[in-house]
1. Could you tell me which of the residues Ala65, Ala13, Ala59 is in contact with a helix residue (DSSP H, G or I) (Cβ under 8 Å, 6 or more places away or on another chain), small (Gly, Ala, Ser) and at pLDDT 95 or above?
2. On the given criteria, is Glu31 out of contact with any Ser or Thr (no Cβ under 7 Å at 6 or more places or on another chain) and touching a residue at least 12 places away in the same chain (Cβ under 8 Å)?
3. In the stretch 1-27, how many are loosely packed, with under 10 Cβ neighbours inside 10 Å and either in a loop (DSSP other than H, G, I, E, B) or among the aromatic types (Phe, Trp, Tyr) (or both)?
4. Under 8 Å between Cβ atoms, at least 6 apart or on separate chains: pull out the pairs that start in the stretch 3-23 with a residue that is over 13 Å from Leu57 (Cβ atoms) and among the aliphatic types (A, V, I, L, M) and end on any residue that is at pLDDT below 95 and surrounded by 11 or more Cβ atoms within 10 Å (Cβ to Cβ).
5. Suppose we filter Ser40, Ser36 for residues that are surrounded by 10 or more Cβ atoms within 10 Å (Cβ to Cβ) and either at pLDDT below 95 or of a type in the set (Gly, Ala, Ser) (or both); which single one remains?
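The values are calculated or read from the model by the stated rules, or taken from the named source; none is laboratory data. Because the structure is a prediction, the values reported are computed rather than measured. Every residue, glycine as well, gets a Cβ built from its backbone with ideal geometry; the counts of neighbours run over all protein chains shown.
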Amino acid sequence: MTELLAATQAWFARIDSDNSKSIDPQELRAEFIRLSLQTSEADNMMTFYDTNGDKILDAKEFAAALIDILDNSIPGFQVFFSSP
């Protein structure tokens, strides 16, 4: 789990090109382009996971988005984040 958290933090920092401690729509679109993904999907991700409506993703929202996306892609993924 520590590796996943470190990787999430590193990816967040790379996307946050202006070091604002948040990811704005333009930064997220740029990352989607870098990954050869549709920018419309970046917009959808921003809309869905921006839980407080401030038009940016903070580190907590970004991590929650990745966990949700992985959990929906890999059955049983959430078990890695459950306490014994």
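1. Details: Ala65 fails: at pLDDT 95 or above; Ala13 fails: in contact with a helix residue (DSSP H, G or I) (Cβ under 8 Å, 6 or more places away or on another chain).
Checking each option against the conditions leaves just Ala59.
2. When the stated conditions are applied, Glu31 passes them.
3. Residues flagged as loosely packed, with under 10 Cβ neighbours inside 10 Å and either in a loop (DSSP other than H, G, I, E, B) or among the aromatic types (Phe, Trp, Tyr) (or both) within the stretch 1-27 amount to 2.
4. Once the first residue is over 13 Å from Leu57 (Cβ atoms) and among the aliphatic types (A, V, I, L, M) and sits in the stretch 3-23, its partners that are at pLDDT below 95 and surrounded by 11 or more Cβ atoms within 10 Å (Cβ to Cβ) give Leu4/Phe80; Leu5/Ala63.
5. Details: Ser36 fails: surrounded by 10 or more Cβ atoms within 10 Å (Cβ to Cβ).
Only one candidate qualifies: Ser40.
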